[in-house]
Every structure is written in structure tokens, then in C-alpha cells.
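The values are calculated or read from the model by the stated rules, or taken from the named source; none is laboratory data. Please read all numbers here as calculations on a predicted model, not as lab measurements. Ideal geometry is used to build each Cβ from the backbone, glycine not excepted, and the neighbour counts take in all protein chains shown.
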Amino acid sequence: MEKQQEKAEFDPSFENDILAVQQRRHLLYCLSTYASPMPLPSIADQLTTWEGKFDTNTEYLQRRLQIYDSLYYNHIPVLSAEGLISYDQQDDMVMRGGAIEQSRSAIEDRLSTELSSLLRAERNTVESDNWMVHR
């Protein structure tokens, strides 16, 4: 399967279920905040940074792989089926789907409630003595 197909329209009745899952929300934040398409490894890296609190590079890298696998196997299929994203497996790229515009306000509302903690995680990464050790 080269590219997962997306629905033409997003069903708002699923919005709470989809946005209730942190990794799905954070993936949508990435696509709303950064360029789209975005490589899945870059999304996994950003979500790992936002999760924060790693004492060693090894812990960070292990968690990043877990997040990548979780996105790939669990969350991308759901978001793609709802038309919120499109995934190109061959290039390992994720892009905004046609239905994301219909849920933009809900995504932005949730982001506004989490923004300070996400920025704090970013700041902790930059301020760490070793950029690869995330606190």
C-alpha cells in the first residue's frame, strides 16, 4: 500500500474520540504548526521532545522508536480513515488531509490548552547541557 486513502469529509461525531488521544492530537499539532508534508520520523522526534523527561540518549531514542511505531500502526490508520491526514508509505511522509480544515478550530482550541507545557518541553530540550538528553 503506497498511499493510504482518505475520506472526503470528516465526521464531527468522532472529534472527541480522536482528539482525546494525546499522540493523535500532537501529530495534528505538528501538521498544523510545521510544513506539510512532514516525514514521520520527524513527527515522532517532535512528539518525543514534547513528552520530555528523559535522563539518557538511550531512553530518548527508545521512546522515539515506540512513538514512531505507535503512530505508524495505531494512529495514522485512524487519522487517515477520518480524512484528517494522508500518509505516503513509500516516502514515509504525512500530510494534512482534506478534512483537517473542518476540525481546525477544535485542534487549535486543544493546542491552546497544552501550548505552555509543550513550549516548556521545547525549552528544556534547548537548555539541557547535552542537546540529545531531554529532561
> Right, S117: hydroxyl-bearing (S, T, Y), assigned to a helix (DSSP H, G or I), at pLDDT below 90 and surrounded by 13 or more Cβ atoms within 10 Å (Cβ to Cβ) or not?
Replying inline: no
>> Condition (residue is closer than 19 Å to E122 by Cα, in contact with a strand residue (DSSP E or B) (Cβ under 7 Å, 6 or more places away or on another chain) and at pLDDT 95 or above) applied to region 41-60: is it met by at least one residue?
In response: yes
>> Need the failing condition index for Q90 against (1) in a loop (DSSP other than H, G, I, E, B); (2) at pLDDT below 85, just the number.
In response: (2)
>> Report every pair of residues separated by at least 6 positions or lying on different chains whose Cβ atoms are under 6 Å apart, first residue within region 67-85 and at positive phi, second surrounded by fewer than 19 Cβ atoms within 10 Å (Cβ to Cβ).
In response: G83/K7; G83/G98
